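Each reported figure results from applying straightforward, stated rules to the coordinates on display, with no laboratory input. This one's a predicted model, so the numbers in the text were calculated from it and none came from an experiment. When we count neighbours, we look across all protein chains shown, and the Cβ atoms used for this are built from the backbone with ideal geometry, even at glycine.
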Amino acid sequence: MTETNLLSTPAPKKGLSLGAIAAWVGLFMLLTIVAVGLVTTQQGPVGIGQAAPDFTLTSFDNQAYTLSEMGGKVVLVNFWASWCKPCEQEAADLEAAWRYYAPRGDVVFLGIAWTDTESASLKYLARFDITYPNGPDLGTRISQDFRTTGVPETYVIDRNGVLAYKKFAPFTSQAEIRAAIDPLLGP
């Protein structure tokens, strides 16, 4: 090689290219999203005393129920599935409690079918003669917001939208359900 060839070879560029910077920024954003998801998962279910996550449930009869629009009412949210045997144990008691509170107008029950098919859910509702609003948890969005761990799970939300009670097992009686709701109704 001649001396002129060595001198005319361009020196390598120093620093990152625009593409490399974009790749690093994208990687950082992805890792941040994963970290937030992991922290949320590790937090466990929504805690008593915390604001309940807002959601809209579209029922099987195509009615929309939005939690933030139910201010001033006590709301019982029950996650269930047609294939869940413990859910069957509480179905009759939940319906009886609903029929007890329904005439008041200040208590709302919402059933959320978790990872279930519509046909199986509708058969379940008919089998237990459930009349309070129920709908599917499409994409498991609502259960993810509540950070549920399985079914049945029930959350009772006070008149101010704050979680006041939660149960991660089936109710054993209508009296147990009423004991979770009555203190929130006041005199």
TODO: Please say if region 39-147 is rounded, prolate or oblate, where rounded means a/c under 1.5 for a ≥ b ≥ c the square roots of the C-alpha gyration tensor eigenvalues, and otherwise the choice is prolate for a/b larger than b/c and oblate otherwise?
DONE: oblate
Open item on the list: Calculate the FRET efficiency for Q89 and T58 from the Cβ-Cβ distance with a Förster distance of 35 Å, rounded to the nearest 0.05.
Closed with: 0.85
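With +1 on the Cβ of every Lys and Arg and -1 on the Cβ of every Asp and Glu, and nothing else charged, how large is the dipole of region 56-184 about its Cα centre, in debye rounded to the nearest 20? Write out the running numbers ahead of the final one.
Values: 12 positive and 16 negative charges, 29 e Å.
The dipole magnitude comes to about 140 debye.
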